[in-house]
Amino acid sequence: MKKIIKNGKVYDGISNKIKQQDVLIIDGVIQDVGNIEISDADIEIIDASNYIVSPGFIDIHSHLREPGYEYKETIATGTRAASKGGFTTICAMPTTIPALDSKDSIDYFQDLCKQRSIIKVHPIGAVTINRKGKEIVEMQSLADSGVIGFSDDGEPIQDSNIMRMSLEYSKMVSRPIMNHCDDRGINYRAEGVMNDGFLAQRLGCSGIPNAAEASMLSRDIFLTELTGGLYHACHISAAQSVDVLKIAKERGINYSAEVTPHHLTITEDFILGPDDQNRKQISENAYNTFAKVFPPLRTKSDIQSLIEGINSDLISIIATDHAPHGYEDKMTTLNQAAFGISNFETTLGSVLQLFYSKDIKLEKLLKCLTSNPAEFLGKKLGKLTKGYPADIVIIDLKKEWEVDISDFVSLGKNSPLQGTNFKGKILQTLVDGEVVYSDGKGHNG
């Protein structure tokens, strides 16, 4: 099988520059990138004139829900939604039933993925048994089974000794601890439902202070310094957390950190309702459960700090934290509603807003979605160069579209972005050289 992508504006994940080039693919592997002349009559030509050609996006933090919560999402629907959003590799959190905390559960999950996924999926193992925070899993066994890291995501590692020991073990198995930072002494008994501040007071809701995240992150950073362990900070959302990462960088502490598209682009005001008019006052559309996410949406000041964190390389990865839910999980009160946003399909549109506002360069955004997460995984991914798998996305930067959650491939329709107008869309997604998604045509396989 031979393909050539012609005349695209290629971001290769290596030079950090975008150049007009061709990409030659043979048997699912990239054979050449450059100005390529080829006369083979059997070759398939994909014309990418005026389009961006990038390595496929890599998401190191998502929730596929299967097994156990198939009414929220399945491996089949989740991976198809991801491919529609330009993702060719995703990593699935252990928030399943059973939790991914044993060799058997990991093996079963991987068997399901082989049968049902149309992209590449890597499991993330739990840090503690059943994500209860009491007893550390058999990390070596899970690492041997193929997990790329360990997380109790959704349940922070509260016990500092458990965290310290986990970091010690992380060195032995060469897999990072990926913690969801939320100090439950500050976010008391996990009762907070939105950002702590004036708006939470106006709405009569319990708030989650920035300090709940920054406090636990600070603990984790200094335990990482103490142990020399491998540490990754999940979904940074608060300005104070960026300050902690500055200290870590100044002290030479080895860590990685991610931020989500929603924390980079929308604020707590979305709790007031789905459109601009709603967000100017408290109306009947307030208490918008689709905007309830953990950590919570915060303020414009926090967003600016997160943008600065990316531009200064304090935060190197954009990860979706795709968290699909069923109708009944969100159609209730704000206090009772589940946390989470379904956002595989809106990630590119969201982050391109930062390119068009000139807050973050396009090359930096693509790097945070491709080569940086590939480096985190330590896998041969995220670059367009000879010998790498042909995991590729083709992007029309100029195509305008409106978010309609009824068109989501994901079973989770829980997005606060309904009706949002975006500029920039995925045209094609290729995995190992095969087109798995085309805009307007849908999915193959």
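The values are calculated or read from the model by the stated rules, or taken from the named source; none is laboratory data. Nothing here was measured: the structure is a model prediction, and the numbers come from that model. In this analysis, Cβ positions are derived from the backbone assuming ideal geometry, glycine residues included, and neighbour counts consider all displayed protein chains.
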field: Conditions (1) touching a Phe, Trp or Tyr at 6+ places or on another chain (Cβ under 6 Å); (2) in a loop (DSSP other than H, G, I, E, B); number of the one not met by residue 333
entry: (1)
task: Considering each of 271, 303, 282, 310 in turn, give the residue that is at pLDDT 95 or above and surrounded by fewer than 22 Cβ atoms within 10 Å (Cβ to Cβ).
output: 303
task: May I ask you to list pairs of residues, at least six apart or on different chains, whose Cβ atoms are under 6 Å apart, with the first in the range 307-330 being free of Cβ contacts under 8 Å to residues at least 24 places away in the same chain and not assigned by TED's automatic domain parsing to the domain that holds residue 254 and the second being surrounded by 20 or more Cβ atoms within 10 Å (Cβ to Cβ) and not small (Gly, Ala, Ser)?
output: none
task: Might you check whether a residue that is assigned by TED's automatic domain parsing to the domain that holds residue 282, touching a Pro at 6+ places or on another chain (Cβ under 7 Å) and of a type in the set (Gly, Ala, Ser) occurs anywhere in the range 223-235?
output: no
- prompt: List the pairs whose first member sits in the range 47-59 and is in contact (Cβ under 8 Å) with a residue 40 or more places away in the chain, whose second member is in a loop (DSSP other than H, G, I, E, B) and surrounded by fewer than 24 Cβ atoms within 10 Å (Cβ to Cβ), and whose Cβ atoms are under 7 Å apart, counting only residues at least 6 apart or on separate chains?
  reply: 55/13; 55/383; 58/381
task: Could you tell me which of the residues 340, 252, 349, 326 is surrounded by fewer than 21 Cβ atoms within 10 Å (Cβ to Cβ) and within 24 Å of residue 82 (Cα to Cα)?
output: 326
- request: Give the range 201-221 a look and list any residue that's surrounded by fewer than 23 Cβ atoms within 10 Å (Cβ to Cβ), touching a residue at least 12 places away in the same chain (Cβ under 8 Å) and of a type in the set (Gly, Ala, Ser), or say none.
  value: 206, 207, 211, 215, 218
message: Just to check your reading of the model, which residue among 404, 391, 396 is free of Cβ contacts under 8 Å to residues at least 40 places away in the same chain and over 15 Å from residue 318 (Cα atoms)?
response: 404
query: Of all the strands (runs of 3 or more DSSP E) wholly in the range 12-68, which have at least 2 residues that are within 24 Å of residue 365 (Cβ to Cβ)?
result: 18-26, 29-34, 52-55, 57-62
